[in-house]
Amino acid sequence: MRLFTPIFCFIIITYLFGNILKKIDIIEQLENQIEQNNFQIDSLVSEIDTLQWENQIWDFNLSNNTVYLLSAIIHVESSNNDSAYNSYEDAVGCLQIRRTMVNDVNRILRRQKSDLRFSYDDRWLRNKSIKMFDIYCKHYGLTTAEEIARCWNGGPRGMQNEMTATYWRKVQKNLDS
């Protein structure tokens, strides 16, 4: 009888400890599944955002070809991320707009005697970035997809800059996919 109590206690403690370890394993599996589900949700949210963005782009009265081109440029520039930031170039937002682009668009608007102006913070906003893109392309008379992409990347003389040809190939690849 003397031996029975310690053995019984040992068996009970071992059993309870085993159950605890099994529960810890189940909790870890559930946490991993939650993490995988969160990744899948993030991926789906990104897909939904892209679909909503492609539907909203029609509000800007851009031609059908420009819609797909703009979507491809945004994908190349920022992977559709409105919060994208390149500190080396101070390029901001979905179209990776630099301060010089904002200055150029505001100069264009002054010449057009428009009261509209953009701030540097507007680069973070997709709708204002697209509006700047539209103003820029119309002002410089950019009509073909290659002209638009290369001049967006390299400025008004982007077609003459061989470095923008690589950028155009990236955009073109995105258009083809």
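Over the chain, what percent of the accessible surface lies on carbon and sulfur atoms, probe 1.4 Å?
Details: 6660 of 12180 Å².
In the chain, the share of accessible area belonging to carbon and sulfur is 55 percent.
Compute the signed sum of charges (Lys and Arg +1, Asp and Glu -1) over the other residues within less than 10 Å, Cβ to Cβ, of residue 168. Walk me through the numbers on the way to the answer.
Numbers: positive: 150, 169, 170, 173; negative: 146, 147.
Summing Lys and Arg as +1 and Asp and Glu as -1 gives +2.
Consider the candidate values [x] 74, 39, 30; [y] 102, 35, 31; [z] 91, 53, 41; state which one is Cα extents along the principal axes in Å computed from the structure displayed.
Working out Cα extents along the principal axes in Å from the coordinates points to [y].
Could you do me a favour and compute the accessible area per residue for region 58-153, 1.4 Å probe, result in Å²? Please list the in-between numbers first.
On the way: 5070 Å² over 96 residues.
Using a 1.4 Å probe on heavy atoms only, each residue of region 58-153 averages 53 Å².
Give the cross-link partners of residue 113 among the lysines, using a straight C-alpha distance below 28 Å as the criterion and excluding same-chain residues fewer than 8 apart.
128, 131, 138
Please give the net charge around residue 76, taking every other residue with its beta carbon less than 13 angstrom from that of residue 76, where Lys and Arg add +1 and Asp and Glu add -1. List each step's numbers first, then the result.
Numbers: positive: 150, 169, 170, 173; negative: 77, 176.
Neighbourhood net charge equals +2.
Working from the alpha-carbon coordinates of region 88-144, get Rg over Rh, Rh being the Kirkwood radius.
Working: Rg = 10.9 Å, Rh = 11.4 Å.
Result for region 88-144 is an Rg/Rh of 0.95.
Nearest 10 degrees is fine. How inclined is helix 64-78 to the longest principal axis of the chain, computing both from alpha carbons?
So the inclination is approximately 50 degrees.
Determine, from the Cβ-Cβ distance of residue 85 and residue 166 and an R0 of 22 Å, the FRET efficiency 1/(1 + (r/R0)^6), rounded to the nearest 0.05. List each step's numbers first, then the result.
Working: r = 22 Å, r/R0 = 1.01.
With a Förster radius of 22 Å, E is 0.50.
Between helix 163-176 and the chain, what is the angle of the helix's C-alpha long axis to the longest principal axis, kept within 0 to 90° and rounded to the nearest 10?
60 degrees
With +1 on each Lys and Arg Cβ and -1 on each Asp and Glu Cβ, and nothing else charged, work out how big the dipole of the chain is about its Cα centre, in Debye to the nearest 20. Please report the intermediate quantities before stating the final value.
Numbers: 20 positive and 22 negative charges, 112 e Å.
Using Cβ point charges on Lys, Arg, Asp and Glu, the chain gives about 540 debye.
Tell me, in nm to one decimal, what length is gained between residue 34 and residue 2 on full extension, where the rule is 0.36 nm per residue of separation less the Cα-Cα distance? Walk me through the intermediate numbers first.
Values: separation 32, 0.36 × 32 = 11.52 nm, distance 4.90 nm.
Full-extension gain reported as 6.6 nm.
If each of residue 173 and residue 16 carries a label point 7 Å out from its Cα toward its Cβ, how far apart are those two points in nm?
Between residue 173 and residue 16, the label points sit 6.2 nm apart.
The values are calculated or read from the model by the stated rules, or taken from the named source; none is laboratory data. Small disclaimer: the values here were computed from a predicted structure and weren't measured. Because the Cβ atoms are built from the backbone with ideal geometry, glycine has one as well, and the counts that use them run over all protein chains shown. Accessible surface areas use protein heavy atoms only, side chains included; no ligands, DNA or RNA. Shrake-Rupley method; radii C 1.70, N 1.55, O 1.52, S 1.80 Å.
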